[in-house]
Structure formats: structure tokens, C-alpha cells
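Visitor: Sharing a structure below in C-alpha cells format, with a few things to ask.
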Amino acid sequence: MSNVLLFTGESVGINRRTGRVLVGWPHVVQSLEVLFTTGFGERIMREWVGSFVPAMLGRNMVPATILAAKTGIFVAIELFEPRYRITKIASLSVDRLGRYAFRLEGEYRPRGHLGD
């Protein structure tokens, strides 16, 4: 008997910390984390993958910077993560130390990478 993997259309990947298999939503969360922590030009053979979010680190969180950060998040998701369609980026807080907290709201599309 051979091992057969039934293709359901959901994406499959490897957890970058544990090496275990990731299927579905956890794989999307990991992909978003990579997008938001990788600047353009940092990945060998994939220089175009990433976002402008790392460039925002260390900047004063004034309204213009917050808008630029939200734009960087939105553009990265639209360009590189078809399995998630963002509908809202809600600002939660900016504290005196310059930390910016936000919440992403959107739609999980498990077969988005297939064009569905």
C-alpha cells in the first residue's frame, strides 16, 4: 500500500520554529508574520517578497507614519498573500514608547492561492 495524499486545495507548509507541518490558517498566520518582519531585498532569490513595515521601526508614531505602516501592511497582503483578504486595519493603541498595536480584520480564503 502506498502513501497517498489527497489534495484538498488547502496550503501546506512547514513551521519555521518547530519543523512540523502547517495546514490551512496557521500557515497563513506564519506567512503574514514573515511578510511583516521581512523588508524588501532581504531574502535571497526572493528580493521582491516582504513589506515596508520593517522600515517603520524606530520612527515616531505620528499619524503619517501610522498611515504608512497600515499601507505597508495592506500592500504586502494584497501582493503576496492571496489566502487572506484584508477588510480593516484597526488601530488599538500607540503608547508613549512608540509601540503601535493594531488588529487585522479580514476573510480567510483557503483556496485563494488557487484563484478561488
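The values are calculated or read from the model by the stated rules, or taken from the named source; none is laboratory data. Only a predicted model underlies this, so the values are computations on that prediction, with no experimental measurement involved. Using ideal geometry, Cβ is built from the backbone for each residue, glycine included, and neighbour counts are taken over all protein chains shown. Calculation scope for accessible area: heavy atoms of the full protein, side chains included, ligands and nucleic acids excluded. Shrake-Rupley method; radii C 1.70, N 1.55, O 1.52, S 1.80 Å.
Visitor: Can you work out which of the residues in the stretch 92-105 that are touching a residue at least 24 places away in the same chain (Cβ under 8 Å) and open to solvent by less than 60 Å² (accessible area, probe 1.4 Å) is nearest to GLU10 (Cα to Cα)?
Guide: The residue in question is LEU104.
Visitor: In the stretch 74-103, what count of residues is obtained for those that are out of contact with any strand residue (DSSP E or B) (no Cβ under 6 Å at 6 or more places or on another chain) and of a type in the set (A, V, I, L, M)?
Guide: Of the residues in the stretch 74-103, 3 are out of contact with any strand residue (DSSP E or B) (no Cβ under 6 Å at 6 or more places or on another chain) and of a type in the set (A, V, I, L, M).
Visitor: Then there is this: Looking only at the stretch 65-75, which residues are open to solvent by less than 40 Å² (accessible area, probe 1.4 Å) and within 17 Å of GLN30 (Cα to Cα)?
Guide: Result: ILE73, single match.
Visitor: For the stretch 76-91, which residues satisfy the criterion of being free of Cβ contacts under 8 Å to residues at least 24 places away in the same chain and open to solvent by 40 Å² or more (accessible area, probe 1.4 Å)? Full working, then the answer.
Guide: Of all residues in the stretch 76-91, those free of Cβ contacts under 8 Å to residues at least 24 places away in the same chain come to 78-79, 86-90.
The answer is GLU78, LEU79, THR87, LYS88.
Visitor: Related question: Anything in the stretch 30-64 that is aliphatic (A, V, I, L, M), over 23 Å from VAL94 (Cα atoms) and open to solvent by 30 Å² or more (accessible area, probe 1.4 Å)? List them, or say none.
Guide: Within the stretch 30-64, ILE44, MET45 qualify.
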